[in-house]
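**Q** Please read through the structure below; I'll follow up with questions.
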Amino acid sequence: MLCLSTTILLASTFLLVNAGLPAVTVTTCEPWTVHRLSCEIGVISVETALYGRADTVTCSEGKSEQELQNTQCSLAGAVDVVKRRCDGKRVCELNSAAFVSDPCKDTFMYLQTNYTCLLITHQIICEHSLAHLQCAEKQVISVFSADYGRHDKNTCSYGRPNSQIQNTGCSSPTSKVAESCDGKNSCTIRAGNSVFGDPCVGTYKYLEVAYDCKYAASSQGESV
Ligand SMILES: *[C@@H]1O[C@H](CO)[C@@H](O)[C@H](O)[C@H]1NC(C)=O
C-alpha cells in the first residue's frame, strides 16, 4: 500500500516535472530598479511581456487617477526585448535602459513578464574552451538559445584580471550554435571570437547555451 502510493506519487511528480513548471509573473513598477527573472530549475522561456499599463490596479499605490487612466498603453516589441535578454538563462536582469522609447507619456508604467522554466540542458562554456553538446542515443539536438558575452562578474572569472570581467552588459544572442548543432546527436563548437565575433573587446566572455534533445522526426514519426 505504502509502496503503491509512493509509486503513484513518483509517477505524478515525474509527469508534473516533464510538463514544465507553472507560469511565473514578475511585475516591476516604475521607477525602475531592476527587473529580474530567475528559474531555480530549468531555464527561462518568456511567454508574454507588457511594458506600459493594461489595468488600473497594477502598480497603482499612491498614484493619481490621471496616471492610471490610460490602460491601452504598451510598447510594441517589448516581449522581443525581454526574450532576447532572458530566454535560455537561469537568471536575467534588465532595466529601463533596455527599452529605447517611453510609449505612454503621463502614464505610470510597469513591466510585467510571464514566463515558464523549461527543463532543458543549460551549459556555460568559458571563452577559448570547447562546448560539447550531447544527446542520448537516437536523439538530436534542438538549440533553444545561445548567447556569447558576459552578464555577471562571477561566471568564468577565475584568475582573470578585474578589467576583463567588469563589463557585465555584453550580450550577443547568436544563431550559430543552432546552425552547427541542430539535428545532430552531438556537436562541438568553440566558444571564441573566431566563431562568434567579438561583441565586447577586452572582456573575457562565455557562451551560454540552452538546448533540448528530441527524437528525430524520421525515427519517431512525430514532431514535438
Ligand atoms: C500574465 O499572466 C496573468 C495571469 O494569467 C495575466 O493576468 C496577465 O495579463 C499576464 N501578463 C501579461 C503581460 O501577459
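**Q** Using a simple charge model, +1 on the beta-carbon of Lys and Arg, -1 on the beta-carbon of Asp and Glu, nothing else, what dipole does region 90-219 show about its Cα centre, in debye to the nearest 20?
**A** 280 debye
**Q** Now a separate question. Which one of Gly183, Ala210, Cys170 has its Cα pushed farthest toward the positive end of the charge dipole of region 121-223, where Lys and Arg give +1 and Asp and Glu give -1 at the Cβ?
**A** Most positive-ward Cα: Cys170.
**Q** Calculate the spin-label point distance for Leu130 paired with Val57, positioning each point 7 Å from the Cα along the beta-carbon direction, and give it in nanometres.
**A** 5.6 nm
**Q** Let me ask something else about it. Arranged by the count of other C-beta atoms within 10 angstrom, fewest first, what order do His132, His122 take?
**A** His132, His122
**Q** Using only the alpha-carbon atoms, what does region 139-191 span along each of its principal axes? Please give whole angstrom values in decreasing order.
**A** Principal axes ranked by extent give 40, 20, 14 Å for the Cα atoms.
**Q** Counting other Cβ atoms within 10 Å, which chymotrypsin sites (Phe, Trp or Tyr not before Pro) in region 132-224 have at most 16 and lie in a DSSP loop?
**A** When the chymotrypsin sites (Phe, Trp or Tyr not before Pro) of region 132-224 are filtered for loop state and at most 16 Cβ neighbours within 10 Å, Tyr158 remain.
**Q** Along its principal axes, what span do the Cα atoms of region 121-223 show, with the longest given first and each in whole Å?
**A** In descending order, the Cα extents are 52, 21, 19 Å.
**Q** Let me ask another. Would you please state the base-10 log of I(q)/I(0) at q = 0.11 1/Å for region 7-118, with intensities from the Debye formula using one equal scatterer on every alpha carbon?
**A** -0.41
**Q** As I understand it, the dipole of the chain uses +1 on the Cβ of Lys and Arg and -1 on the Cβ of Asp and Glu, about the Cα centre. Which of Ser145, Val100, Val46 lies farthest toward its positive end?
**A** Ser145
**Q** Based on alpha-carbon centroids, what's the gap between region 155-192 and region 58-110 in Å, whole number please?
**A** About 29 Å separates the Cα centre of region 155-192 from the one of region 58-110.
**Q** Next question. What is the spread of the Cα atoms of region 54-179 along each of their three principal axes, largest first, in whole Å?
**A** For region 54-179, the Cα spread along each principal axis is 57, 43, 22 Å.
**Q** Related question: Ala23 versus Cys213, label points 7 Å from Cα toward the beta carbon: distance in nm?
**A** 3.1 nm
**Q** Going through region 66-110, which trypsin sites (Lys or Arg not before Pro) have at most 13 other Cβ atoms within 10 Å and a DSSP loop state?
**A** Of the trypsin sites (Lys or Arg not before Pro), the ones in loops of region 66-110 whose Cβ has at most 13 other Cβ atoms within 10 Å are Lys105.
**Q** If you don't mind, there's one more thing I want to ask. Can you work out ³J(HN,Hα) from phi for every residue in region 111-116, in order, using Karplus 6.51 cos²θ - 1.76 cosθ + 1.60 and θ = phi - 60°, giving whole Hz and x for Gly and Pro?
**A** 10, 10, 10, 10, 8, 10
**Q** Let me ask you something else. Which far-off residues, 5 or more places away or on another chain, put their amide H under 5 Å from the one on Val140, with H placed in the peptide plane?
**A** Counting only residues 5 or more places away or on other chains, the set is Lys214, Tyr215, Ala216.
**Q** Name the GluC sites (Glu not before Pro) in region 31-92 that are in a loop by DSSP and that have at most 10 other C-beta atoms within 10 Å, would you?
**A** Glu40, Glu61
**Q** At a Förster radius of 30 Å, what calculated FRET efficiency corresponds to the Cβ-Cβ distance of Asn95 and Glu179, to the nearest 0.05?
**A** Plugging the Cβ-Cβ distance into 1/(1 + (r/R0)^6) gives 0.45.
**Q** Also, quick follow-up: With r as the distance between the Cβ atoms of Ala76 and Thr155 and R0 = 30 Å, compute the FRET efficiency 1/(1 + (r/R0)^6) and round to 0.05.
**A** My answer for the efficiency is 0.40.
**Q** Continuing with the same structure: For Lys214, which lysines qualify as cross-link partners when the Cα separation must be under 25 Å and same-chain residues fewer than eight apart are set aside?
**A** List returned: Lys83, Lys89, Lys138, Lys176, Lys184.
**Q** Given an 8 Å cut-off on Cα distances and at least 6 residues of separation, report the relative contact order of the chain as a percent.
**A** Computed over the chain, the figure is 23 percent.
**Q** Here is a follow-up. One quarter of the convex hull surface, Cα atoms only: what value does that give for the chain in nm²?
**A** The directionally averaged projection comes out at 17.6 nm².
No lab work stands behind these numbers, since they all come straight from the coordinates. Computed from a predicted structure; not experimentally measured. Methodologically, a virtual Cβ is constructed for each residue, glycine included, from the backbone with ideal geometry; neighbour enumeration extends over all protein chains shown.
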